[in-house]
Amino acid sequence: MTSPAIDSMQLNSFTLRLSDISSVDLEKLHALSMSVGWPHRSEDWQFLLEIGKGIAALDDIDRVLGSAMWFPYGDDFATVGMVITSPRLQANGAGQWFMEHLFRKIGDRDLGLSATRAARRLYLSLDFKAEATVYQCQGEALEPPVVALPAESVFRPIQLSDLAEIAVLDREAFGADRSVLLGRLLSQAKGIVLIRGGQISAFSLCRRFGRGYVIGPVVAPCDADAIAVVRPHVAEQAGSFLRLDTREKSGAFAEFLARSGLFVFDTVTSMSSGRHWPPASDSKDLNPRIYGLASHTLG
Ligand SMILES: CC(C)(COP(=O)(O)OP(=O)(O)OC[C@H]1O[C@@H](n2cnc3c(N)ncnc32)[C@H](O)[C@@H]1OP(=O)(O)O)[C@@H](O)C(=O)NCCC(=O)NCCS
């Protein structure tokens, strides 16, 4: 027998309107990402708003109930991220609606994104293809294991004047031109470059993000070089919360992360629309490859 109703109300009668995300109050966006358990600080949102574009969904009384952003890299590629529907509205078609609007704004570009489990079905229905698994490794950093530097190599702190050279490496590894993003990151991150034969063979950046620090991007031709540019950051952050997102499932780099206290916390899926992204890579061919993502959102 059903209990008699004391009172009733109609839920999900929200009328949403879309606005340019740059016109929306930062703290409301921050509250939205916290509502789905994401670790972004206001400062992390601020950075994304400065480098990306997007839309936000508001209700009649200006509560922010959704967001979606994109980040152009060069003329023909972008990543999509910060796609959020407020928990109270999920599974009602809002995510699909945001993405259709975003696609109209983005125009004719190839796209890449990191899909959470909750979002996979949404992106598959929009013809994105699953390409690779990303392992979100994090934890309280330990004093990293001692490792020998690769032969004939030295490392030093990154300098602003390294931008052009690291942008070339990054482009080869990432498959699109991220020089604008790298320039912005250089102004707020610490970085390491590995030099061999007078040229930069690998680099890494480390910045404040979320609950602590994130190491990324990390670009290197092989595990040994990747470890060489990541190790100094781990040593500096020992005792702090540290994160690195990588597509390396096993091998020396993945083992190094685990021995440094960074364990797999979650996974997301790299997905592409248009050309394959990220580009296929193999540590045996010694071409630069992405060992650490800048972030899920930025690729
Ligand atoms: C992922 C997210 C944006 C989807 O938004 P939404 O408004 O619920 O999406 P829609 O209602 O348009 O649903 C799109 C599809 O995903 C499915 N879906 C929605 N929520 C889901 C969930 N939690 N688990 C599995 N599938 C889900 C829907 O059933 C629908 O599939 P269908 O068209 O085959 O029926 C929302 O769940 C969210 O904000 N999650 C937390 C943050 C997040 O993970 N963002 C994605 C970053 S990549």
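Descriptive notes on the structure:
- Radius of gyration, Dmax [the stretch 125-214; alpha carbons; angstrom]: 15.8, 50
- Note, ³J(HN,Hα) from phi for the stretch 207-215, Karplus 6.51, -1.76, 1.60, rounded to Hz, x at Gly and Pro: 9, 5, 6, x, 6, x, 10, 10, 9
- Cα→Cβ-extended label distance, 7 Å offset, between Glu140 and Ser240, nm: 1.6
- Across the stretch 63-194, counting alpha-carbon atoms alone, Rg and Dmax equal 18.9, 58 Å.
- Largest GNM mean-square fluctuation among Gln96, Gln237, Gln138, using the chain with Cα springs under 10 Å: Gln96.
- These residues, His233, His296, go from largest to smallest accessible area, 1.4 Å probe, as His296, His233.
- Reference-scaled alpha-carbon Rg (2.2 N^0.38 Å with N residues) for the chain: 1.07
- Among the listed pairs Lys190/Lys249; Lys129/Lys284; Lys190/Lys284; Lys53/Lys129; Lys53/Lys284, a Cα-Cα separation exceeding 31 Å is found for Lys53/Lys284.
- Adding -39500 (n - 2.57) for every DSSP H run of four residues or longer, then dividing by how many residues the chain holds, sets the calculated 222 nm ellipticity at -8500 deg cm²/dmol.
- 3J(HN,Hα) along the stretch 171-188: 4, 5, 6, 8, x, 7, 7, 9, 4, 5, 4, 4, x, 5, 5, 4, 6, 10 Hz, from the Karplus curve 6.51 cos²θ - 1.76 cosθ + 1.60 with θ = phi - 60°, whole Hz, x for Gly and Pro.
- Relative to the longest principal axis of the Cα atoms of the chain, helix 26-35 runs at roughly 90 degrees.
- In the assembled protein chains, Arg196 presents an accessible area of approximately 70 Å² (probe radius 1.4 Å).
- Dimensions of the stretch 249-299 along the principal axes, based on C-alpha atoms and rounded to the nearest Å, stand at 37, 27, 16, largest first.
- Residues considered: Leu126, Leu182, Leu142. Largest GNM mean-square fluctuation over the chain, using C-alpha springs under 10 Å, is found at Leu126.
- Solvent-accessible ranking of Asp60, Asp223, Asp20, Asp245, largest area first, probe 1.4 Å: Asp60, Asp20, Asp223, Asp245
- Between the stretch 98-120 and the stretch 212-241, the C-alpha centres lie 30 angstrom from each other.
- With semi-axes defined as the square roots of five times the eigenvalues of the C-alpha gyration tensor, the equivalent ellipsoid of the stretch 25-121 measures 21, 16, 13 Å, largest first.
- Counting only protein chain heavy atoms and rolling a 1.4 Å probe, the accessible areas of Trp38, Trp70 rank, largest first, as Trp38, Trp70.
- GNM result for the chain, Cα springs below 10 Å: residue of Asp25, Asp110, Asp177 fluctuating most strongly: Asp25
- Segment Ser187-Ser250, length gained on full extension (0.36 nm per residue, minus Cα span): 19.5 nm
The values are calculated or read from the model by the stated rules, or taken from the named source; none is laboratory data. In this text, all values refer to a predicted model and were calculated from it rather than measured experimentally. For neighbour counting, all protein chains shown are included, and Cβ atoms are generated from backbone atoms with ideal geometry for every residue, glycine included. Quick note on the areas: whole protein, heavy atoms, side chains included, nothing else; ligands and nucleic acids left out. Shrake-Rupley method; radii C 1.70, N 1.55, O 1.52, S 1.80 Å.
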